[in-house]
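A.B. asks: Below you'll find the structure I mean.
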Amino acid sequence: MKFSASTREHLDHYVYALVDPRDSKIFYVEKANANNSAFDHLRTLPTEHTKSQLIEEIREQKLQPQVEVLRYGMSSDKQCFEVEAAVIDALGLENLTNAVRGHGVDRGRQKRTA
């Protein structure tokens, strides 16, 4: 799977999520720049990475992860990094297969105790 050339141009900079079709939960969030990065994860060979393991688990059930564009039409990497980090913070890194919270997390969600 891949986006058409006209779709990639329309997307410009975008943030996407990989979604587990078994429960409709987002398991990975990343930014991309007018390309097919969103689908690259689905073409790579399995590794020890948690994301790859989950993709293989989904495929073993004869399903495919879904790609959802969360925000598009942004004009810079900086904007994408802000959206990516905000989505990861909102969902919680512990609920995702992302290895890090993203860029600009110093301005992100601060967990406080009462």
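A.B. asks: Of the residues G92, G102, which single one is at pLDDT below 90, out of contact with any Leu (no Cβ under 7 Å at 6 or more places or on another chain) and open to solvent by less than 50 Å² (accessible area, probe 1.4 Å)? Talk me through it step by step, then tell me what you get.
C.D. replies: Working: G92 fails: at pLDDT below 90.
It is G102.
A.B. asks: State yes or no: is P65 modelled with pLDDT of 85 or more and in contact with a helix residue (DSSP H, G or I) (Cβ under 8 Å, 6 or more places away or on another chain)? Give the derivation first.
C.D. replies: Details: modelled with pLDDT of 85 or more: yes; in contact with a helix residue (DSSP H, G or I) (Cβ under 8 Å, 6 or more places away or on another chain): yes.
So P65 passes the test.
A.B. asks: Whether any residue in the stretch 2-11 is open to solvent by less than 50 Å² (accessible area, probe 1.4 Å), among the aromatic types (F, W, Y) and farther than 21 Å from I88 by Cβ is what I want to check.
C.D. replies: Yes.
A.B. asks: So which residues in the stretch 28-59 are outside any helix (DSSP H, G or I) and either under 20 Å from Y72 (Cβ atoms) or of a type in the set (S, T, Y) (or both)?
C.D. replies: Of the stretch 28-59, the ones outside any helix (DSSP H, G or I) are 28-36, 44-49.
Listed by number, the residues that qualify are Y28, V29, E30, K31, A32, N33, A34, N35, N36, T44, T47.
A.B. asks: At pLDDT 90 or above and open to solvent by 90 Å² or more (accessible area, probe 1.4 Å): does that describe R112?
C.D. replies: Values: at pLDDT 90 or above: no; open to solvent by 90 Å² or more (accessible area, probe 1.4 Å): yes.
No.
The values are calculated or read from the model by the stated rules, or taken from the named source; none is laboratory data. Not measured: the values here are computed from a predicted model. Every residue, glycine as well, gets a Cβ built from its backbone with ideal geometry; the counts of neighbours run over all protein chains shown. These accessible areas exclude ligands, DNA and RNA; they are computed on the full protein's heavy atoms, side chains included. Shrake-Rupley method; radii C 1.70, N 1.55, O 1.52, S 1.80 Å.
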